[in-house]
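Trainee: One structure, as structure tokens, below. Some questions next.
The values are calculated or read from the model by the stated rules, or taken from the named source; none is laboratory data. Not measured: the values here are computed from a predicted model. Every residue, glycine among them, receives a Cβ derived from its backbone with ideal geometry; neighbour counts consider all protein chains shown. Calculation scope for accessible area: heavy atoms of the full protein, side chains included, ligands and nucleic acids excluded. Shrake-Rupley method; radii C 1.70, N 1.55, O 1.52, S 1.80 Å.
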Amino acid sequence: MVASEAAPFAKTGGLADVVGSLPAALKALGHEVAVLVPRYATVDLKNARRVYDLLPIWLPPQRYDTSLYLIERETPFYFLDYPPLYDRPGFYGEDGEDYPDNHIRFAVLAQAALEFCRRVWRPDILHAHDWQAGLAPAYLRTIYGNDPTFLGIRSLFTIHNVGYHGLFPAAAMADIGLGGSEEFRPDGLEFFGKVCYLKGGLNYADALNTVSPTYAREIQTPEYGFGLDGVLRARSQALSGILNGVDYAEWNPETDAFIAAHYSTADLSGKRICKQDLVNEFGLPAEAMDAPLIGIVSRFTSQKGAGLVAEAADDLVAEGYYLAALGTGEPQYEELFLAMAARHPSRIAVRLGYDNALAHKIEAGADLFLMPSHYEPCGLNQIYSLKYGTVPVVRATGGLDDTIEPGTGFKFWNYSGSELVGALRAAREAFADAEGWRAIMLAGMAKDFSWSVSAAEYARLYERLGARV
Ligand code: ADP
Ligand code: GLC
């Protein structure tokens, strides 16, 4: 597998959770999996072994002398080391600006994945995730297409988010080893005059999947395709949807190391202690303890429905809710959240930033978890919430629609503030009935989204691909 993130080493979102935990689930099914990610500044090499000193990557006229580190967990994680490109504080940029050489950084990652297959570990399947790894399937079919080393290696590309294309000026083709090639065309890497790394995955991989069945359908429509719905329709035979699993070793109220008290379906009493801890942490008043408290952990972007939360904020307060939100993202949405908190200081508390421990405390301490996403390929937080007895209120899109049902959460369909408020009103009424609410919590906690089922689906896909050699 090649990707730009893998938990716990480098994470901005759910991609990292998936790449960090799917390999072990595949191993349990008898597969061997190695993961390659960049060695960013945040990756602690204390427990790493340097396993390869000189892995040269040629993107003429430049040569990048990379090397590899290995950290053994249940499965091996390899780190591509090239400090001038990756030893930086951010993964993709700093202070809201993308790094200007991202096209090089992720072309080197993609090509390193192929050199890795040649020199270190030859797989049957090259599995690339999202645009940052999109060139790997493209290189496999082009520059490496006639190289006998790669004969028989099939590729799978997983789309975690079709909204991020990895677009660069046409001139980038020359910097990534594809200058003068025929690949700059709409069924290749070209997208409206630019180079599109996502298309490297969409057009060149042998198979495609995305992270929920509903999102696999949605992205083939203009409403959700971000201009790539035509490409996806053209490849619909090769495209499937496999719901993400989650790692209950990390996200489980019975064992979670970050929360104030443990609890389970057999004994929910610890949840109130977690709520008190969360109320303290966010400086909310004592009255919040007897009112419904909503949690949000999110990237603050248009995808996540940040604008809709702002639109509904006054009604949410009028309905009697308290809100504790953690997130970071686009400045305009961060400001919206701060403005909400400023308007309702005793009811809405917002923490800007990325904080894994606090994310766990919110999952455990809140009564409800809000995800009013505009679109959601899978979404992991609502699945974690189920396990924590924190009842999800979601917009019925993508993986949110596939994982939440009446009886475990509350859904609304149209992307509108009034529908969101309607769902919150229904949840508020349900919350007033303590016994009924407890039944909803318990139904969610009993749901099992562990990787075993989804990993088996990936394994079947790999096997089908391998059989087609
Ligand atoms: P996405 O990948 O689109 O952001 P997901 O729901 O798939 O959404 O996954 C988000 C993951 O990132 C979850 O594990 C969530 O806890 C974590 N996360 C998101 N924002 C933050 C934050 N501000 N602090 C800590 N963890 C966060
Ligand atoms: C993306 C999507 C999210 C999904 C995650 C992991 O970040 O936005 O919905 O859960 O990838 O697949």
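Trainee: Between residue 351 and residues 5 or more places away or on another chain, which pairs have amide H atoms under 5 Å apart, with H built 1.01 Å from N, and which residues are they?
Mentor: Close amide H contacts, sequence-distant or interchain: 325, 326, 327.
Trainee: Also, quick follow-up: How much accessible area per residue does the range 269-448 have, counting only protein heavy atoms and a probe of 1.4 Å, in square angstrom?
Mentor: Ligands and nucleic acids excluded, the result is 35 Å² per residue.
Trainee: If you don't mind, another one. Report, in deg cm²/dmol and to the nearest 500, the calculated mean residue ellipticity at 222 nm for the chain, where each DSSP H run with n ≥ 4 adds -39500 (n - 2.57) and the sum is divided by the residue count.
Mentor: -11000 deg cm²/dmol
Trainee: What is the Å³ per residue value for the convex hull set by the Cα atoms of the chain?
Mentor: 136 Å³
Trainee: If you take the beta carbon distance between residue 174 and residue 99 as r and set R0 to 25 Å, what does 1/(1 + (r/R0)^6) give as a FRET efficiency, to the nearest 0.05?
Mentor: 0.85
Trainee: Need one word for the range 146-235: rounded, prolate or oblate. Basis is the Cα gyration tensor (sqrt eigenvalues a ≥ b ≥ c); a/c below 1.5 gives rounded, then a/b vs b/c decides.
Mentor: Oblate.
Trainee: Please determine, in degrees from 0 to 90 and to the nearest 10, the orientation of helix 451-467 with respect to the longest principal axis defined by the Cα atoms of the chain, where the helix direction is its Cα long axis.
Mentor: 20 degrees
Trainee: What angle, in degrees between 0 and 90 and rounded to the nearest 10, separates the Cα long axis of helix 14-28 from the longest principal axis of the Cα atoms of the chain?
Mentor: 70 degrees
Trainee: Hey, any idea what % of the chain's accessible area is carbon plus sulfur with a 1.4 Å probe?
Mentor: With neighbouring chains kept in place, the figure for the chain is 51 percent.
Trainee: A follow-up question, please. Relative contact order for the range 269-448: what is it in percent, counting Cα pairs under 8 Å that are at least 6 residues apart?
Mentor: Answer for the range 269-448 is 22 percent.
Trainee: Using a 1.4 Å probe on the protein heavy atoms only, what accessible surface does residue 346 show? Give it in Å² to the nearest 10.
Mentor: The accessible area comes out at roughly 60 Å².
Trainee: Nearest 10 degrees, 0 to 90: what angle lies between the long axis of helix 102-119 and the longest principal axis of the chain (Cα atoms)?
Mentor: Long axis of 102-119 versus the principal axis of the chain: about 60 degrees.
Trainee: For the chain, what is the relative contact order in percent, using Cα pairs closer than 8 Å and at least 6 residues apart in sequence?
Mentor: Taking the mean separation of contacting Cα pairs over the length of the chain, I get 13 percent.
Trainee: Could you bin all the Cα-Cα distances of the range 269-448 into 10 Å bins starting at 0 and give me the percent of pairs in each, rounded to whole numbers?
Mentor: The distribution over the range 269-448 is 11, 43, 40, 7, 0, given as percents.
Trainee: Zone of residue 223 (label point 7 Å along Cα→Cβ, backbone N under 20 Å): which residues in the range 395-411?
Mentor: Counting only backbone N, you get 395-406, 410-411.
Trainee: Sticking with this one: Excluding residues on the same chain fewer than 8 positions from residue 387, give the lysines whose Cα lies under 20 Å from its Cα.
Mentor: 271, 275, 361, 411, 447
Trainee: Ignoring ligands, DNA and RNA, how do 86, 354 rank by accessible area with a 1.4 Å probe, largest first?
Mentor: 354, 86
Trainee: Additional query: Please check which bits of the range 364-384 a label hung off residue 453 would reach, taking the label as a point 7 Å along Cα-to-C-beta and the cut-off as backbone N under 17 Å.
Mentor: 378-384
Trainee: For the pair residue 442 and residue 70, how long in nm is the line joining their label points, each one 7 Å along Cα→Cβ?
Mentor: 4.9 nm
Trainee: Compute the FRET efficiency between residue 315 and residue 287 as 1/(1 + (r/R0)^6), taking r as their Cβ-Cβ distance and R0 = 25 Å, and round to the nearest 0.05.
Mentor: E between residue 315 and residue 287, to the nearest 0.05, is 0.85.
Trainee: To the nearest 0.05, how large is the calculated FRET efficiency for residue 272 and residue 335 if R₀ is 30 Å and r is the Cβ-Cβ distance?
Mentor: E between residue 272 and residue 335, to the nearest 0.05, is 0.35.
Trainee: Students sometimes get this wrong: rank 268, 358 by accessible area, probe 1.4 Å, all chains present, largest first.
Mentor: The ordering from most to least exposed comes out as 268, 358.
Trainee: Then there is this: Any chance you could run the full-extension gain for residue 346 through residue 429? It's 0.36 nm times the residue separation minus the Cα-Cα distance, nm to one decimal.
Mentor: Stretched fully, the residue 346-residue 429 segment lengthens by 27.7 nm.
Trainee: Hey, what do the phi angles of the range 183-200 turn into as Karplus ³J(HN,Hα) couplings, whole Hz, using 6.51/-1.76/1.60 and θ = phi - 60°, x for Gly and Pro?
Mentor: Listing the rounded values in order: 7, 7, 8, x, 8, x, 9, 7, 9, 6, x, 10, 8, 10, 5, 4, 5, x Hz.
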